[in-house]
Amino acid sequence: MAARTFKVLNPLPVPKGTDEYEAQIASILAEFASKVPENLFLSESILSNPPKNVTAVPRECGILTPEEIEITENYDAVGLAEAIAAKKLTAVAVAAAFAKRAIIAHQLTCCLTEWFMDEAIERAKYLDEYQEKTGKTLGPLHGVPISVKEHQPLNGHYTSFGFLDTRHLATYDAQMVRIFREAGAVFYCKTMQPQGIMHLEGVSQYGRVLNPHNLGLSSGGSTAGEAALIALRGSVLGIGTDIGGSIRGPSGFCGIYGFKPSSYYLPMKDFLIGGFGAELNVLCATGPMCNTLRDMDLFTRVIIDAQPHIEDPRLVPIPWTGLSAPKTKTPLKIGIMMHDGMIQPQPPVTRALEWAKSKLAGNPAFEVKPFAPFQTERAMTGIRKAYWPDGGKTVKDHLAKTGEPMFPLTQWIIKDAEGPDVGANGVLAIRVERDDFRIEFSKHWAEQDVDVVICPMFVGPACEHETAFYWNYTAYFNYVDHPGVVFPTPIKAGKKGEEDYAPENSTPLGEEDKHVRELWAKGDFEGAPIDLQIVARKYHDNELFAALSQLKEVLELV
């Protein structure tokens, strides 16, 4: 019998480049496929006719043992660390289970760029032997599997800036990766990101990341692969980055938790070789993507306990109290922003906001009030220019080196800034406008008299492919540099045609809102989970988590 071909679901093609470029991509994909044993291939019947929602496939496909299903579905990172430390589970069993589930997830959603189960098993064997010999664990993440976004250097594996010409083999760990390795983590895969790492979707040279809840929808971006992988329980903890919504967007699209800290709170040293011009104006942030509140807390605590600011003095050395922070606010003042004054969110998001309001109403622990939006159009104009001070030249230069095509969403994100390099005075003008805006928004926040704000994460549920045009609800908080968490709600989008905008929201707020309504009428969002976003003031990251701790029971957070 002839050997089967390794297949990955990719219902929509990606743009084609030159013959030389396509040959390089084909070689990379073939190298990946050659490392996957046939006993981990999904059946032809699943791949030829997959369900719209594939979240049950890993459990039901027959590849995983009952023990592996138990390990991957019933533990979070905290639970795994505890079970391995108590010798209820071995690091080897955990690594094998998550590596196997990750390759199943990849076949369903195209979420990985590399997969290295054998290396993970060897690392896990070392950890089990270490524990047996010493009677203790290596660190707080002993045996916990962590997935890593493609651009973050992981020694011995490929990293890139989202363009083919930048792909190279890393010979070291990035600072954060090294901290996790020293804490006992096991690495087993790298995950997909879009071209240039600047889409709110996950379409790259290697394919398109699909949403596990509805394959016709995007998994978000740029940390697209992590979100799909975690939603399919192929990972418990992933490392995301966010300069416009790249943690919060995909987390929200896939119904998981994601935390974007304030800038320079968690380390990103070595994440992008040569830096990124956008950070002259808007700083990126890195943080966790996972399935529980306490895993976000664990991720952050392990990093801060390692005192990363000593190695990287750009970091602000604020101790982490997280979910253990004292609850000093009684009542907690919560602003609810139903829309941003520019785009009224699609009906399921409004329904989720109304759900949150109803859960909080009448509870003496909370004072709930409306939060008025503030000059969103001005902020979005500012941040789109801030991203590309060179007018898009760097993007075009990278593409030209290998004959790589410019993807539609790459063109979309650079279009407002395309043109000549703005130069030093232009960057200064962008920064002055940014800082003026931040000062004005800080005054606006103070006038609203709130501790935190709950608002949409996106203009709707997970969007259909190639339609993640409007980043307003996430990028705004990058522009003002406020920390934010997205959290799941029980709300899901219904079948096409089941709900529409409420009468009081029937009038578009502008042209962008009108376009979003057209996308809603056209799309099929059935089953898409709805996350909401909660934000706090800059460097009030601990206060944000204290608020989440207070909200845990009433908003049914896990």
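Among the residues making up the range 74-90, those that are open to solvent by 50 Å² or more (accessible area, probe 1.4 Å) and either in contact (Cβ under 8 Å) with a residue 40 or more places away in the chain or under 23 Å from the mean Cα position of the chain (by Cα) (or both) are Asn74, Tyr75, Ala85, Lys87, Thr90.
Pairing each residue of the range 462-486 that is over 19 Å from Pro373 (Cα atoms) with any residue that is among the β-branched types (Val, Ile, Thr), provided the two are 6+ apart or on different chains, yields C-beta distances under 9 Å for His465/Val203; Glu466/Val203; Phe469/Val459; Phe469/Val516.
Residues considered: Gly184, Gly216, Gly202. Of these, the only one that is at positive phi and either of a type outside the set (Phe, Trp, Tyr) or open to solvent by 10 Å² or more (accessible area, probe 1.4 Å) (or both) is Gly184.
Report whether or not Val368 is modelled with pLDDT of 95 or more, over 24 Å from Ser160 (Cβ atoms) and not acidic (Asp, Glu). Don't jump to the end; show me each part of the working.
On the way: modelled with pLDDT of 95 or more: yes; over 24 Å from Ser160 (Cβ atoms): yes; not acidic (Asp, Glu): yes.
Spelling it out, Val368 is indeed modelled with pLDDT of 95 or more, over 24 Å from Ser160 (Cβ atoms) and not acidic (Asp, Glu).
If you scan the range 107-127, which residues turn out to be open to solvent by less than 10 Å² (accessible area, probe 1.4 Å) and not small (Gly, Ala, Ser)? Once the filter is applied, which keeps residues that are open to solvent by less than 10 Å² (accessible area, probe 1.4 Å) and not small (Gly, Ala, Ser), the range 107-127 yields Gln107, Leu108, Thr109, Cys110, Cys111, Leu112, Leu127. Looking across the range 26-43 at every residue that is under 14 Å from Met117 (Cβ atoms), in a helix (DSSP H, G or I) and touching a residue at least 60 places away in the same chain (Cβ under 8 Å), the one that is nearest to the chain's Cα centre (by Cα) is identified as Phe32. When Glu504, Glu543, Glu526, Glu512 are checked against the criterion of being open to solvent by 20 Å² or more (accessible area, probe 1.4 Å) and under 28 Å from Arg384 (Cβ atoms), a single residue qualifies: Glu512. Out of Pro50, Pro66, one residue alone is without any contact (Cβ under 8 Å) to a residue 12 or more places away in the chain and farther than 24 Å from Asp297 by Cβ. It is Pro66. Thr300 - would you say it is surrounded by fewer than 22 Cβ atoms within 10 Å (Cβ to Cβ) and out of contact with any Lys or Arg (no Cβ under 6 Å at 6 or more places or on another chain)? Considered against the rule, which asks whether it is surrounded by fewer than 22 Cβ atoms within 10 Å (Cβ to Cβ) and out of contact with any Lys or Arg (no Cβ under 6 Å at 6 or more places or on another chain), Thr300 comes out as no. Screening Asp340 on (1) over 17 Å from Glu504 (Cα atoms); (2) in contact (Cβ under 8 Å) with a residue 24 or more places away in the chain shows it passes everything except condition (1).
Just so you know, in the range 396-432 the residues that are touching a residue at least 40 places away in the same chain (Cβ under 8 Å), over 24 Å from the mean Cα position of the chain (by Cα) and open to solvent by 60 Å² or more (accessible area, probe 1.4 Å) include one that is nearest to Ile383 (Cα to Cα), and it is Arg431. Test Ala93 against the stated conditions and say whether it is open to solvent by 30 Å² or more (accessible area, probe 1.4 Å) and either at pLDDT 95 or above or part of a loop (DSSP other than H, G, I, E, B) (or both). It is false that Ala93 is open to solvent by 30 Å² or more (accessible area, probe 1.4 Å) and either at pLDDT 95 or above or part of a loop (DSSP other than H, G, I, E, B) (or both).
The values are calculated or read from the model by the stated rules, or taken from the named source; none is laboratory data. Note that the coordinates shown come from a computational prediction; the quantities given were computed from them, not determined experimentally. Here the Cβ is made from the backbone with ideal geometry for all residues, glycine too, and neighbour counts use every protein chain on show. Accessible surface areas use protein heavy atoms only, side chains included; no ligands, DNA or RNA. Shrake-Rupley method; radii C 1.70, N 1.55, O 1.52, S 1.80 Å.
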